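One structure below.
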Amino acid sequence: MIRGAGFALALLAACWTPVTGMATSPPPLPSGASAELLAPAQIAGWSADDHAAALAIFARGCQADPPLRASVQLPAALASVCEKARLLTEAGTVSGEAARVFFEHNFSFWRIGPPGAATGFMTGYFEPEFEGSLTRSEAYPTPLYGRPPELVTRMPEDVWPGLDTALSAARRTATGLEPFPDRMAIETGALDGRNLEVLWMRDPVDRFVLQVQGSGRIRLPDGSVTRLVYSGRNGHAYTSLGRVLSERENIAPADMTMDRLIARLKADAGFARDLIRLNRSFVFFARRDDLPPDSGPIGGAGLPLTPLRSIAIDRTIWPYGLPVWIDATLPDGTGGSERLARLTVAQDTGSAILGPARLDLFVGSGARAGHRAGLIRHPVDFTVLWPRDLGR
């Protein structure tokens, strides 16, 4: 029930903690990474952002219970601030000024530098839409699989004796854990006859793009749309096909966009099959027809993503729910560029998102978002808002 701005202001005052004397310990970081404490006034563009929009996303929760993909343990201090934000937004409309004050008085600001560099690195991703079918046919021969019941995802604290430490998942057997079949094994029949197919797609290139993005919309022959969310992966390391193709065909990395990679794969089915199989990682999906059409896809935190406000981070370093200020000059998708300086929320992760200042920006859904996302490979200022009262 909306109880008015007066109640919201009173609650904000209750959430207010004086900055003087509060702990300003930096977040724990990998060796070689740096953290510089900043005042909000030192952050260019901070005062001009739409803090109310960021607060509304942050207030929906740090993560679902359970999240789709586990991250490092959620700090109690961060969970507490998430709860404060929920109470504040439920009490009534929160102004941009009140939202800014909320962030400034609950967090300290740390600009993160990755080992050996002064700035972070950003890529973009999107929710694609493809044609597909719930039944196999000549037009739709490529299966998309649900999560096999014997698949075990490795948690950050798990130790699996005898298995490669690079494996992020394994297969549970009667005699213990063993590596799960890789992409080539799956594509040549390792999962046949088990009724794990959730739908069929036109070709392996569409499936590859869907697996890279981690979610998608499938338009069925009757015109209806079903939503797909990440449900696990086979645990083998991800290989960037764009990087491989760039090296093989002497294409400058800056020119190897997702659009160019897809066009090359679509032009030659045999070439596409062989190149895609170099990426041994294989992603499984679940259907979520309950998601509203205007809702974003579900990220690793188990919550809907918001275009240009949700980011994917390295889940072995950062918890979900963390506010992160980003500042970069990015392609606008129409041949120009624009500065993007805003507060985002860590709500997703990815197998290629590794490092303390590495992020993937969720751009949106559909072909236009996909075109823009494929152009983003840029340096970025990565400033973490870390809860003031506790370390991890």
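The values are calculated or read from the model by the stated rules, or taken from the named source; none is laboratory data. Just so we're clear, the structure is a prediction, and the values are computed from it rather than from any experiment. Here the Cβ is made from the backbone with ideal geometry for all residues, glycine too, and neighbour counts use every protein chain on show. When the accessible area is computed, the model is the full protein with side chains, heavy atoms only, and any ligands, DNA or RNA have been set aside. Shrake-Rupley method; radii C 1.70, N 1.55, O 1.52, S 1.80 Å.
Structural remarks
- Cα centroid separation - the range 339-392 against the range 219-246, whole Å: 19 Å
- Anisotropy class of the range 170-256 from Cα gyration tensor, a/c 1.5 cut: oblate
- Dipole magnitude of the chain, debye to nearest 20 (Cβ charges: Lys/Arg +1, Asp/Glu -1, about Cα centre): 220 debye
- Surface share of carbon and sulfur [accessible, 1.4 angstrom probe, percent] for the range 276-383: 51 percent
- For the range 167-305, averaging the sequence separation of C-alpha pairs within contact (under 8 Å, six or more residues apart) and dividing by the residue count gives a relative contact order of 31 percent.
- A probe of 1.4 angstrom, applied to the heavy atoms of all protein chains, finds residue 159 with accessible area near 120 square angstrom.
- Solvent-accessible area, 1.4 Å probe, carbon plus sulfur percent, for the range 53-196: 53 percent
- Computed accessible area, residue 84, all protein chains, 1.4 angstrom probe, square angstrom: 50 Å²
- Computed on protein heavy atoms with a 1.4 Å probe, the accessible areas place 206, 255 in the order 255, 206, largest first.
- Taking every protein chain into account, the accessible area of the range 182-258 amounts to 42 square angstrom per residue (probe 1.4 Å).
- Across the protein chains, with a 1.4 Å probe defining accessible surface, the residues 184, 201 rank 184, 201 from largest area downward.
- Residue order by solvent-accessible surface for 337, 137 is 337, 137, largest first, with ligands and nucleic acids left out and a 1.4 Å probe.
- The chain, relative contact order [Cα under 8 Å, separation at least 6], %: 27 percent
- When the chain is described by a simple charge dipole with +1 on each Lys and Arg Cβ and -1 on each Asp and Glu Cβ, the residue from 123, 189, 33 located farthest towards its positive end is 189.
- When both the range 249-269 and the range 101-135 are represented by their alpha-carbon centers, they are found 24 Å apart.
- Solvent-accessible heavy-atom area per residue, rounded to whole Å², over the range 55-158 at 1.4 Å: 42 Å²
- About the Cα centre, charge dipole magnitude for the range 243-392 (Lys/Arg +1, Asp/Glu -1 at Cβ), debye: 280 debye
- Positive dipole terminus of the range 243-392, leading residue within 329, 262, 385 (C-beta point charges): 262
- The residues of the range 284-392 have, on average, 33 Å² of accessible surface per residue, using a 1.4 Å probe with all protein chains present.
- Taking all Cα pairs closer than 8 Å and separated by 6 or more residues, the relative contact order of the range 20-148 comes to 36 percent.
- Other residues with beta-carbon under 12 Å from the beta-carbon of residue 199 carry, at +1 per Lys or Arg and -1 per Asp or Glu, a net charge of +3.
- Using alpha carbons only: equivalent-ellipsoid semi-axes of the chain, gyration tensor based, whole Å: 37, 22, 22
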